[in-house]
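Heads up: the structure comes next, in structure tokens.
All of the numbers you see were taken from the coordinates with simple rules; none came from a lab. These figures come from a predicted structure and were not determined experimentally. Cβ coordinates were reconstructed from backbone atoms using ideal geometry, including for glycine residues, and neighbour counts include every protein chain displayed.
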Amino acid sequence: MDRESLINILRFLSLVGIIIDVLFYIPIITGWIYGENVHWFAQFTIATTALFATLLLYLEGYKIRMKIRDAILSVNLTWILAGIMGAVPLMIETKVSFANGFFEAISGFTTTGATIYSQIEELPKNILMLRSVMHWIGGLGIIVLGIGLLAILNPTGSFTLFKSESTGISTEKIAPKMKQIALLLWKIYLLITLLDIGLLKIEGMTLFDAINHAFSTVSTGGFSTKNASLGYWDNNYWILWTTTFFMFISGINFLVHIRLIRGSFSGFKGEEVRVYTIIFILFSVALGTIHYLKSHDGLFFSMTHSFFTIASILTTTGFATLDYTQWGHLAIAIIFVAMLIGGNAGSTAGGVKVIRILVMVKNLRKELKKVLYPNAVVSVKVDGKPLSPMVINNVSAFIIMYILTNLFLFLYLYANGYDTMTSLSAAIACVGNIGPGFGQVGPVDNFAFFTGTQKIVLAFGMIAGRLEFFTLILPFLPEFWNRG
């Protein structure tokens with residue numbers, strides 16, 4: 001690595017580090033308000049802020065010119081840096097090991113929501129807020145927020161970074177400069193968060209709980225302030241339906257929300273949003289019907305919790321109200337499929353994404369047609385526009401990487417003695433950034449029983465899923481280091 005690349009990476013990491021530190025003052029202030037001892041947490045944050053500020057001042061005279069290799073390395077190192085920065089306060093305040101702290105922090109920043117804590121309500125208020133803040137930072141991407149500052153220093157290098165972490169098939173450039181894109185996304189993100197906080201407070205949550213759950217909902221993260229998650233408010237239908245709604249809209253491409261703010265409903269007419277909505281309604285109704293027929297609960301109660309559960313799983317949020325593993329095999333099958341689908345590209349949700357499922361189904365249909373009519377010219381279209389072979393190949397490669405990564409984690413856990421359902425669902429829950437799964441990692445359980453090494457491996461599974469594999473894997477290729 002040459003000197004220029006090292007400077008590029010160090011300066012960008014320093015920018016991201018300061019952003020994280022600034023937002024870490026929220027849980028520090030929270031702890032101070034509730035009379036908690038946050039001395040060491042504050043000391044750590046002040047020290048790291050000073051370190052990053054010093055690095056930025058030292059490198060002030062250098063221009064950031066991001067090459068593709070530099071951008072990819074910066075993205076990967078950012079997630080590791082975030083995991084370490086989040087782990088240290090957890091270690092200080094709750095006396096957990098580094099492996100536990102790193103797992104929890106990565107779960108927070110990647111908006112996975114898998115936790116190592118069993119008694120959530122016994123945690124200090126500053127740590128509960130820290131977990132939610134990590135969700136909120138990671139929700140739209142640490143890199144996207146970083147671009148807003150990076151564009152000020154070097155507008156020409158920003159789009160490279162955005163492409164390195166952006167989800168979905170392609171990045172739609174909706175503003176002439178990356179700084180404007182980043183600012184638009186964060187304005188929408190903040191607006192939705194504030195609306196959720198306000199409604200939850202009106203509907204019966206304390207302000208503390210409302211802020212935490214809004215942070216977790218809009219980021220589709222899943223950390224809660226209660227042991228029972230949203231099940232704590234299982235009879236407050238206003239809170240459950242409000243959270244269901246905000247999980248659902250957070251699973252939609254945020255570019256669609258930007259168009260809506262500009263007065264256009266065109267984004268909601270797109271194929272991906274329509275298919276996503278149909279899947280959500282069909283799965284919710286099916287699950288609600290199953291629950292109603294198999295329980296003594298009323299129809300409205302069953303539908304409320306089923307719509308909530310599908311919204312939580314489909315958007316990979318991971319909140320829970322009831323133990324859905326007790327609803328029977330058909331219900332588990334429906335939830336399992338929802339885990340595999342995920343939300344929209346360009347949303348805070350994880351998973352495979354609806355658009356990729358749509359493309360693969362259409363491509364399969366095209367290949368079947370080609371068997372019947374070998375000379376026919378058939379193309380794969382989304383929203384009436386044909387997709388290039390490169391895009392279809394990229395989607396196919398992603399699906400292969402998704403399967404292989406989950407297979408590796410499944411075999412790794414299974415070889416370490418865990419049962420099939422626990423191993424498989426833990427792999428999918430981490431790689432898909434979902435949180436809860438089945439077996440020993442069900443909605444009423446946690447990930448504390450895994451060993452330290454297994455937690456580190458699962459944490460990197462979360463990062464792989466968040467970065468959608470290619471960005472994390474590329475540095476391991478010899479060709480990566482041979483290009484500029």
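Data table
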read-out	value
Cα lying deepest toward the dipole's positive end in the chain, options S118, A182, H291, charges on Cβ	A182
Debye, to nearest 20: dipole size of region 1-81, +1 on Lys, Arg Cβ, -1 on Asp, Glu Cβ	340 debye
Kirkwood hydrodynamic radius of region 1-104, from inverse mean 1/r over distinct Cα pairs, in Å	14.8 Å
Karplus 3J(HN,Hα) series, Hz, for region 362-378 with 6.51 cos²θ - 1.76 cosθ + 1.60 (x for Gly, Pro)	5, 5, 4, 4, 4, 5, 5, 5, 5, 5, 6, 10, x, 8, 6, 9, 10
About the Cα centre, charge dipole magnitude for the chain (Lys/Arg +1, Asp/Glu -1 at Cβ), debye	1800 debye
For K353, residues with placed amide H under 5 Å, excluding near neighbours	G342, G343
Cβ-placed point charges (K, R +1; D, E -1), dipole of region 245-344 about Cα centre in debye, nearest 20	320 debye
Positive-pole candidate from I137, A448, N212, dipole of the chain, charges at beta carbon	I137
5 angstrom amide H check on V382, placed H, neighbours 5+ away	L387
Simple spin-label estimate for E4 and L282 in nanometres, 7 Å along Cα-Cβ	5.2 nm
Entries of K125/K353; K269/K381; K187/K385; K201/K269; K95/K455 with Cα pairs more than 27 Å apart	K125/K353; K187/K385; K201/K269
Alpha carbon centroid spacing (whole Å) that separates region 364-431 from region 50-117	30 Å
Loop trypsin sites (Lys or Arg not before Pro), region 256-339, which have at most 15 other Cβ atoms in a 10 Å radius of their Cβ (DSSP)	R262
Calculated over region 366-419: convex hull of Cα atoms, volume per residue (Å³)	123 Å³
Selection from L260, L340, Q326, by position along the positive dipole direction of region 203-354 (Cβ)	L260
Exposed GluC sites (Glu not before Pro) absent - longest run of the chain, DSSP non-H/G/I/E/B, at most 16 other C-beta within 10 Å	173-484
Where labels lie 7 Å past Cα in the beta-carbon direction, separation of L368 and A53 in nm	6.3 nm
Cut-off 12 Å, label 7 Å out along Cα→Cβ of L207, residues of region 3-47 by amide N	30, 33-34
Kirkwood Rh in Å, taken over region 427-484 so that all alpha-carbon pairs contribute	12.9 Å
Square roots of five times the Cα gyration tensor eigenvalues for region 227-287, Å	27, 15, 9
Whole-Hz ³J(HN,Hα) from phi, Karplus 6.51 cos²θ - 1.76 cosθ + 1.60, for region 40-52, glycine and proline x	6, 4, 5, 4, 4, 5, 4, 5, 5, 4, 4, 4, 5
Hz values of 3J(HN,Hα) by residue in region 24-34 - Karplus curve (6.51, -1.76, 1.60), Gly and Pro given as x	5, 5, 4, x, 5, 5, 4, x, 5, 4, 8
Proportion of all alpha-carbon pairs of region 382-457 beyond 14 Å (%)	66 percent
Contour excess over end-to-end distance, with Cα ends at F476 and K294 and 0.36 nm allotted per residue	60.5 nm
